[in-house]
Amino acid sequence: MAGSADDGAVLARLRTVTMWLSRQMREPSAAETPITPSRFSTLWTVDRFGPLRMTDLARLEKISKSSVTRIVTNLSADGLVEVVPDAHDGRSTLVGMTPEGRDVLAATWERTDAFFLSRVSGFSDAEKVMLEAAVMLLERLVAPAEEQPADRLEPTGTDS
């Protein structure tokens, strides 16, 4: 695709498909789990990489520290995360998951998995192999290694 005339068309299709896919995945769960996409993304990041300092969380979410502070305040008020002092640095705090937060993630993953299963069930074996390859490429688009916390390159939470 490097420099081909079709680059723009492929990227436009990718943008459109990811937008619609994201919207369709959220629709069924919106009524059952009243959590915004930004709050859900933050919750998932804390589960996957946490506990995290606010600055690391803001960097991973690609949002400002003031935005992440607002989101974490709301998640904490709902009992989905907890903010605790950093045992290694008394000036810092860490954001970690609560059991309630994990329950919200698990319920959302269950609904999302059902959504995908309903769509993928009609795929041929060859299409499933192509989908797996596409997922690997999408992972490369969204998770460059240099943007993970320096001291925690491997996820610590659940991802089910």
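Brief remarks on what is shown
- For D113, the solvent-accessible surface computed with a 1.4 Å probe is close to 80 Å², ligands and nucleic acids excluded.
- Cα gyration tensor shape of the range 56-109, rounded if a/c is under 1.5, else prolate or oblate by comparing a/b with b/c: oblate
- Relative contact order (%) - the range 1-130, alpha-carbon pairs under 8 angstrom, separation at least six: 22
- When all protein chains stay in place and ligands, DNA and RNA are ignored, the 1.4 Å accessible-area order of I71, I63, I35, largest first, is I63, I35, I71.
- Heavy-atom accessible area ranking, 1.4 Å probe, most first, across K128, K62: K62, K128
- Heavy-atom accessible surface of the range 14-138: percent carbon and sulfur, 1.4 Å: 61
- Remark: the M19-W109 segment gains 30.6 nm on full extension, using 0.36 nm per residue and subtracting the alpha carbon distance.
- Summarising the amide proton neighbourhood of E82: residues at separation of 5 or more, or on other chains, whose placed amide H is nearer than 5 Å comprise G96, M97, T98.
- Sorted largest first by accessible area at a 1.4 angstrom probe radius, with every protein chain in place, the residues V120, V81, V10, V142 fall in the order V142, V10, V120, V81.
- Using only side-chain charges placed at the Cβ, +1 for Lys and Arg and -1 for Asp and Glu, the dipole size of the range 1-144 relative to its Cα centre rounds to 480 debye.
The values are calculated or read from the model by the stated rules, or taken from the named source; none is laboratory data. No experiment lies behind these values; they were computed from the predicted model shown. Please note: Cβ atoms are built from the backbone with ideal geometry, for glycine as well, and neighbour counts cover all protein chains shown. Surface accessibility is based on the protein's heavy atoms, side chains included, excluding ligands, DNA and RNA. Shrake-Rupley method; radii C 1.70, N 1.55, O 1.52, S 1.80 Å.
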